[in-house]
Amino acid sequence: MKQFAKLAIATAVGVVMGTAAIADGLYAPNLAYRTGPFAATGIPLMNGQRDYIAMLNARDGGVGGIAIDFDECETGYSTAKGVECYEKTRGSAIVTQPWSTGITLQVLPKTNVDQIPILAPGYGFSPMADGRTFQWAFNAPSGYWDAADMIVQYLEGQGDLSGKEIAFLHLDHPYGKEPIPVFEAMAEAKGFDFNPIPVGLTEMQNQSAQWLQIRRTRPDYVVMWGWGAMNAGAITEAVKTRFPMENFVGVWWSGHDADLALVGDAGKGYKSISFSFPDMDAPVMADIRKHVVDTGLSLSNETEMQGVFYARGIVISMILVEGIKTAQDHFGTAEIDATQLRWGLENLNVTEERLAELGMSGMVPPFSTSCSNHTGHSGGWMLEWDGAAFAKVSDHLMPNVDGYAALAAEKAAEYAEANAPWPINEACEG
Amino acid sequence: MLYRTAGQYKTSYEADQALFPVRQDAILLMVVLALAYVIFPLTASEFTFQTLLIPILIYSLAAMGLNILTGYAGQLSLGTAAFMGVGAYACYKMITLMPWMNPVIAILLSGVFSAGVGVAFGIPSLRIKGFYLAIATLAAQFFLIWLFEKWAWLYNYNASGAIQVPNLDILGVYVTGPLASSVTQYYVVLVIVTLLTLLCINLTRGTLGRTWKATRDMDIAAELIGINLMKSKLTAFAVSSYIVGVAGALFVFQWRGAAEPNLFEIGLSFEVLFIAIIGGLGSILGNYLGAILIVGLPVVLNIVGEIELHDVSLAVWVIIALVLGGLFAAAVSLRSKGTMIGVAVVTLLLVGYAFAQSRGFELHSAMIEHLNIMIVGSLIVFFLIIEPHGLARLWALIREKLIIWPFPH
């Protein structure tokens, strides 16, 4: 029993000395994945998110005078762990950031009951844009269907698509299957051949069969919806089979600097659509450097901070913080709750001026959300790998949302019906 | 003292062959049942239901199904996850095709489909055994996952390829889907698991169980004394797959709420197999102990890792100290070296961690996850070294020692 007495003393001393940092403020957990097969792509994003909030806490003391208690719960990208984290954090959390389409699908039906907003920037279920049906889910500033549309627009800009073939290399998982209906509809309308090639979760790192097929059919373009180890696998395989890189386009989660750094110059010309862009000279980066990196609070490193994913992490935290700020201004209180944050995320208006104020001009297109539009559909840029870094090679592309509005409405209605009774927010207009 | 069996006379064959011939066993079981049926539902938080109680019960059931096949009938199987998938998809199809169906009945019926599939994949067991059979069941694992992915009818042509559990009610109370409360889901799982456990205990004690054990121990000898091997093996596959299928339906309908095909990947098969092996092959109790270790422990460790130990009140520390001290004293008097070492290591880790925390040390969530994997892994090795026959055998040894305590041999 002696050691317990000692322990008790140590405890008392610890408390008196005030080393116990009892975090308070707005509890905004992040269901992070720094372990498992997807960790390589997860870590830079998580670091970006974490550093932006740490910077605000250090520079401004949080948002609206209250600190943000940003906490990570490790999921390893596993759905079971994700649900565990969701259950653990939802008691006091004002937001859920699920970070995987699988976890999003699991927690989405519960949000109406638990009343916690889901923030899934650039991922999750595309019909979540329909705010009337998905009152608690937000995937601003862009969804997967927007990405699919912008990629096709860009490819059309390279020449007429009719009669051409687009191979769609995707992870055989809800995430990878997500844009297929939109691609199929566009293939019919524009007369190109659409050929989906699935990559199973177990064959992510060995895609020789898929690339053999690509070499045989010689598609004009390969569009990739990959994640984690699949991206590096596909890019090295493309280099090996000498597929022309300029005809290889990925979604925003397939544009990770480290994957392309593996092949370096051989990857020149590879493209990825993106709703965010890294700008090392942006004022926000200087602030992060000053308040987070120099004080040793950051888990990141120089190479990682120059990458697309780190900057995207910053953008994602910015969306959350802007939601908190909007809610604080509207409700006149710093300590907002989950319901109030929902209102905030629904009434985001991040204009060009606001981005300049935040020191993030050019890092994300300006966007706004509304009661019926939870995505914003603000478009993005086509980025190209120049052998050392990604560079913008297009103007600001805007998705043609009307093209799949009917499909989104149909899928949202289907979802509501399958999960009946499902409340619809009839108060929204338009 | 606690477990004295002296004076408990059996005066009839019924009494001698009762499920629990020793009175203390029956009392212990009553305590466990009272905990499960009354105390837990009254006290558990939403988090405890969703991450500990419900999953532990469901994994135990799946392991029990596998244990019938592997532990009792001696047929090694690596296709458990796929059979769970068959149960889950069968349940989903039944409920979407016939929305008027009672969800509990649908869950119980879904086992019938997996039993059918299980028997079909069990046919090779008539010719091959051991590792060769494991490979044959592995084929089931890969084939069925492929089928779940490619046969769009199974998931109602959903674009994402995942199945979503609808809200279903019995007499106005939601039993499945996001609207169902955790307590309701827990009770549904608990009742089904209790009933199937009772069924399994009795089956393994009866004629069928004896033929299975004879087949396991030496099939040629079994055949010589007149056991029909085909019947014995195929019934084992049928009963096992039925239970595994029901576990799969519960897994998706009462716990996960949604599922994609890769949920039933081989990793899940191995997890269930580990539960059965660590719990103890050829035992019913072992499945529960194994599930607590493999499913429950990581969750508990995660919570412990994140607690600010110096914020814990003194009363809790006293309780922890008493429990650890009591366990250590018991281990000393039972001369169980393994338990002694175990308790000492746990105490050291706890004290060390608390001390480090009081010095301002903080564990990052990802680091906790890494440590968690290491601790659970080493515990598995530890338990297998001190008792290769599993946790159930460990408990049996402790029980035997308790019966003669305080006079060891």
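The values are calculated or read from the model by the stated rules, or taken from the named source; none is laboratory data. Not measured: the values here are computed from a predicted model. FYI the Cβ positions are ideal-geometry reconstructions off the backbone, even for glycines, and counts take in every protein chain you see. Surface areas here come from the heavy atoms of the whole protein model, side chains and all, with no ligands, DNA or RNA. Shrake-Rupley method; radii C 1.70, N 1.55, O 1.52, S 1.80 Å.
Using a cut-off of 18 Å between alpha-carbon atoms, which lysines can reach A:K81, once sequence neighbours fewer than 8 places away in the same chain are excluded?
The reachable lysines, counting only those whose Cα sits under 18 Å from A:K81, are A:K110.
Can you sort B:E223, A:E237, A:E357 by solvent-accessible area, 1.4 Å probe, largest first?
Heavy-atom accessible area, descending, gives A:E357, B:E223, A:E237.
By how many nm would the segment from B:V38 to B:F270 lengthen if fully extended, with 0.36 nm per residue of separation less the alpha-carbon distance?
Going from the current span to full extension adds 80.3 nm.
Could you give the nm distance between label points at B:L297 and B:F361, where each point is 7 Å from its Cα heading toward the beta carbon?
Going from the B:L297 label point to the B:F361 one covers 2.2 nm.
Any idea what Rg and Dmax come out to for the range B:163-303 if you just take the C-alpha atoms, in Å?
Cα radius of gyration and Dmax of the range B:163-303 are 18.1, 56 Å respectively.
Measure off 7 Å from each Cα along the Cα-to-Cβ vector at B:L28 and A:E246, then give the distance between these two points in nanometres to one decimal.
Computed distance between label sites B:L28 and A:E246 equals 7.6 nm.
Report A:V393's accessible area, 1.4 Å probe, all protein chains in place, as a number in Å² to the nearest 10.
The value for A:V393 is about 60 Å².
Where does chain A land at 222 nm, in deg cm²/dmol rounded to the nearest 500, when only DSSP H runs of n ≥ 4 count, each adding -39500 (n - 2.57), divided by all residues?
Result for chain A, helices only: -13000 deg cm²/dmol.
Pairs of alpha-carbon atoms within less than 8 angstrom and 6+ residues apart define the contacts here; what relative contact order does chain A have, in percent?
Across chain A, relative contact order equals 20 percent.
In square angstrom, rounded to the nearest 10, how much accessible surface does B:T211 have for a 1.4 Å probe?
Taking all protein chains as shown, B:T211 has close to 30 Å².
Which of the three applies to chain A, rounded, prolate or oblate, going by the alpha-carbon gyration tensor with a ≥ b ≥ c and a/c under 1.5 meaning rounded?
Numbers: a/c = 1.70, a/b = 1.41, b/c = 1.21.
Since a/c reaches 1.5 and a/b is larger than b/c, the shape of chain A is classed as prolate.
Can you work out the Karplus-derived ³J(HN,Hα) for every residue in the range A:125-138? Use 6.51 cos²θ - 1.76 cosθ + 1.60 with θ = phi - 60°, whole Hz, and x for glycine or proline.
These are the phi-based 3J(HN,Hα) values: 8, 4, x, 4, 4, 6, x, 5, 8, 9, 5, 9, 10, 9 Hz.
Under a Cβ-Cβ cut-off of 10 Å, what is the net charge of the residues other than B:Q357 that fall near it, where Lys and Arg count +1 and Asp and Glu count -1? Write out the running numbers ahead of the final one.
Working: positive: B:R359; negative: B:E308, B:D311, B:E362.
Neighbour charge sum, excluding B:Q357 itself: -2.
With just the Cα atoms defining each centre, how far is the range B:169-221 from the range A:90-136? Give it in Å.
So the separation of the two Cα centres works out to 34 Å.
Would you calculate the volume per residue, in Å³, of the smallest convex hull containing every Cα atom of the range A:58-98? Write down the numbers at each step before the final one.
Details: hull volume 3.1 nm³, N = 41.
Value for the range A:58-98: 77 Å³ per residue.
What's the center-to-center distance, using Cα atoms, between the range A:371-430 and the range A:24-84 in Å?
24
As a test of understanding, state the convex hull volume per residue of the range B:21-289 from its alpha carbons, in Å³. Kindly include the intermediate steps, with their values, before the conclusion.
Details: hull volume 34.3 nm³, N = 269.
For the range B:21-289, the hull spanned by Cα atoms encloses 128 Å³ per residue.
I'd like the distance separating the alpha-carbon centroids of the range B:282-341 and the range A:331-357, in whole Å.
Comparing the Cα centres of the range B:282-341 and the range A:331-357, I get a distance of 46 Å.
Ignoring ligands and nucleic acids, what accessible area does B:L293 show with a 1.4 Å probe (Å², nearest 10)?
Surface accessible to solvent at B:L293 totals approximately 20 Å².
Tell me, what is the percent relative contact order of the range B:299-366, built from C-alpha pairs under 8 Å that lie six or more residues apart? Spell out each step's value before the answer.
Working: 20 pairs, mean separation 29.9, N = 68.
The value is 44 percent.
Considering only protein heavy atoms, with the full assembly of protein chains and a 1.4 angstrom probe, order B:W405, A:W227 by accessible area, largest first.
Sorted descending by solvent-accessible area, the residues read B:W405, A:W227.
For the cross-link pairs B:K93/B:K213; A:K88/A:K325; A:K240/A:K271; A:K177/B:K93; A:K177/A:K271, which exceed 27 Å when the distance is taken from alpha carbon to alpha carbon?
Pairs exceeding 27 Å: B:K93/B:K213.
For a paramagnetic label modelled at 7 Å from the Cα of A:A388 toward its Cβ, which residues of the range A:297-323 fall within the zone defined by backbone nitrogen distances under 17 Å?
A:302-308
Going out from 0 in 20 Å bins, what whole percent of all Cα-Cα distances in the protein assembly as shown drops into each bin?
Once binned at 20 Å, the Cα pair distances of the protein assembly as shown give 14, 44, 33, 9, 0.
Which value in Å does the Kirkwood hydrodynamic radius of the range A:137-245 take, with 1/r averaged over all unlike C-alpha pairs and then inverted?
By the Kirkwood definition, the hydrodynamic radius is 14.4 Å.
Ordered by residue, what ³J(HN,Hα) values in Hz, to whole numbers, does the range B:281-293 give under the Karplus form 6.51 cos²θ - 1.76 cosθ + 1.60, where θ = phi - 60° and Gly and Pro are x?
Coupling constants for the range B:281-293: 6, x, 9, 8, 4, x, 4, 5, 4, x, 5, 4, 5 Hz.
Under 13 Å Cα-Cα from B:K129, which aspartates and glutamates qualify once same-chain neighbours fewer than 8 residues away are excluded?
Result set, ordered by chain and number: B:D217, B:D219.
Taking 8 Å as the Cα distance limit and 6 or more residues as the minimum spacing, I'd like the relative contact order of the range B:77-208 as a percentage.
Once divided by the residue count of the range B:77-208, the mean separation gives 24 percent.
Just subtract the alpha-carbon distance of A:E156 and A:T333 from 0.36 nm times their residue separation and send over the number in nm, one decimal. The partial results should precede the final answer.
On the way: separation 177, 0.36 × 177 = 63.72 nm, distance 4.89 nm.
Gain on stretching A:E156 to A:T333: 58.8 nm.
With r as the distance between the Cβ atoms of B:R205 and A:A405 and R0 = 60 Å, compute the FRET efficiency 1/(1 + (r/R0)^6) and round to 0.05.
Values: r = 64 Å, r/R0 = 1.06.
The formula returns an efficiency of 0.40 here.
Would you list which aspartates and glutamates come within 12 Å of A:K392, measuring only between C-alpha atoms, while excluding same-chain residues fewer than 8 positions from it?
Within the straight-line cut-off, A:K392 pairs with A:D279, A:E384.
Please list A:H396, A:H330, A:H256, A:H291 in order of solvent-accessible area, largest first, computed with a 1.4 Å probe with all protein chains present.
A:H330, A:H396, A:H291, A:H256
Which three numbers, in whole Å and largest first, are the semi-axes of the equivalent ellipsoid of the range B:301-404 derived from its Cα gyration tensor as √(5λ)?
Semi-axes from the Cα gyration tensor: 29, 18, 10 Å.
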